[in-house]
1. Given the criterion touching a Phe, Trp or Tyr at 6+ places or on another chain (Cβ under 8 Å), closer than 17 Å to Arg104 by Cα and in the same structural domain as Leu109 (by TED's automatic domain parsing), identify the matching residue among Leu214, Leu208, Leu189.
2. Restricting the search to the stretch 1-59, which residues are at pLDDT 95 or above and among the aromatic types (Phe, Trp, Tyr)?
3. Any residue that is surrounded by 17 or more Cβ atoms within 10 Å (Cβ to Cβ), modelled with pLDDT under 95 and closer than 21 Å to Ala103 by Cα - is there at least one of those in the stretch 155-165?
4. Step by step: first the residues of the stretch 187-210, then only those that are among the β-branched types (Val, Ile, Thr) and not in a helix (DSSP H, G or I), then the one that is surrounded by the most Cβ atoms within 10 Å (Cβ to Cβ). Which residue is that?
5. Mind listing whichever residues of the stretch 273-295 are over 21 Å from Thr83 (Cα atoms) and aliphatic (A, V, I, L, M)?
6. Residues to consider are Leu256, Leu252, Leu302; find the one that is under 15 Å from the mean Cα position of the chain (by Cα) and closer than 25 Å to Gly110 by Cα.
7. Consider only pairs whose beta carbons are under 8 Å apart and that are at least six residues apart or on different chains; among these, list those whose first residue lies in the stretch 46-67 and is closer than 11 Å to Val28 by Cα and in contact (Cβ under 8 Å) with a residue 24 or more places away in the chain and whose second residue is acidic (Asp, Glu) and in a helix (DSSP H, G or I).
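The values are calculated or read from the model by the stated rules, or taken from the named source; none is laboratory data. Everything quoted here is computed from the prediction, not taken from an experiment. Neighbour counts run over all protein chains shown; Cβ positions are idealised from the backbone, glycine included.
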Amino acid sequence: MLRRWYRRYRSVVAGFRLRDGAFNALPVDASVRLAYNVMLRREPDPVGRADFENRLANGVITHNRMVEELRGSEEFLYDVRFTSLGHSIHTGRCMFIQSLPRARRILDLGGTHKAHPFGAMVRMGYPYPFDELVIVDLPEDDRHPIYQGDVISEREVEAPVVDTPLGRVSYRYHSMTDLSRFDDESIDLVYMGQSIEHVTEEDGDRVLKEIYRLLAPGGHLALDTPNARVTRLQQAEYIDPDHKIEYTYEALRDKLEKFGFTITEAKGLNYAGGALEPGCFSLEAIAANTGIFADAADCYILAFVCAK
């Protein structure tokens, strides 16, 4: 893959040398061609090429503004599709987190971020200031080997509290099945991002019961988790060796209502669509459908927002 990328890169900038390694240093015609190849995965059409070359040459736009315009085009948004399901799901989950309700006191169950001390919610786009966000996650030694070595784990002793632009994030390292240290009605928003599937159904019931207790009236529970209807088409076993259960839309909906939650949003991430037809399952097709969709039961990821 790297060799293919390098051959394409050389064909675009053949005959030119970057000054200080900067994209902005490329001649106008080469920069337009490179931007189209990288952003839209094609050669520039005559109209687009002429428009960008003219505006760049006359200083109307910068090289970076050209890239922003391509990034904001419908072609980039809907024709340049993900082929990696993991990256596609991550993008959809960022959209979901951005859509969560405003809250002052937040509890994130399983919310460490492998590459940033701010935690998953802040780093993935939660937009609102808060008084405190508490992340509960397992200690390093108690995690499945595939989840050991997270960057934040190495900071446990040094930085149990982190100040972010939105508010203070604190860490508590224990199982989410024990939330007894949180007072009744003390939390405004609980987020479970890809975590309820990592405990047994019995433990999941215990967690949901505790969440209802600690949520303030009018508070919200938000969670996203793989949809068993789709993942069982992918393979007979759970899609992650650490999963204890994978729920269908109907099973999780009924469980949330059983514990007293009112479902205010039932969405899905990565619409499976035609991939659900017999003999048509394709992870690449599902990866291409990035975003939040109304037909949750036909999506790879279930995404619920519930109110107390």
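1. Working: Leu208 fails: closer than 17 Å to Arg104 by Cα; Leu189 fails: touching a Phe, Trp or Tyr at 6+ places or on another chain (Cβ under 8 Å).
Just a single option satisfies the conditions, and that option is Leu214.
2. Tyr36, Phe52 - these are the residues of the stretch 1-59 that are at pLDDT 95 or above and among the aromatic types (Phe, Trp, Tyr).
3. To start, the set of residues in the stretch 155-165 that are surrounded by 17 or more Cβ atoms within 10 Å (Cβ to Cβ) comprises 162, 164.
From what's left, modelled with pLDDT under 95: 162.
From the residues that got through so far, the ones that are closer than 21 Å to Ala103 by Cα too are 162.
Within the stretch 155-165, one or more residues are surrounded by 17 or more Cβ atoms within 10 Å (Cβ to Cβ), modelled with pLDDT under 95 and closer than 21 Å to Ala103 by Cα.
4. The first filter runs over the stretch 187-210 and keeps only residues among the β-branched types (Val, Ile, Thr), leaving 187, 190, 196, 199-200, 207.
From what is left, the residues that are not in a helix (DSSP H, G or I) are 187, 190, 199-200.
Values: Ile187: 25, Val190: 30, Val199: 22, Thr200: 11.
Checked the stretch 187-210; the qualifying residue surrounded by the most Cβ atoms within 10 Å (Cβ to Cβ) is Val190.
5. Applying the first criterion (over 21 Å from Thr83 (Cα atoms)) to the stretch 273-295 yields 278, 294-295.
The one that is over 21 Å from Thr83 (Cα atoms) and aliphatic (A, V, I, L, M): Ala294.
6. Numbers: Leu256 fails: under 15 Å from the mean Cα position of the chain (by Cα); Leu252 fails: under 15 Å from the mean Cα position of the chain (by Cα).
Residue meeting the stated conditions: Leu302.
7. Glu53/Asp29
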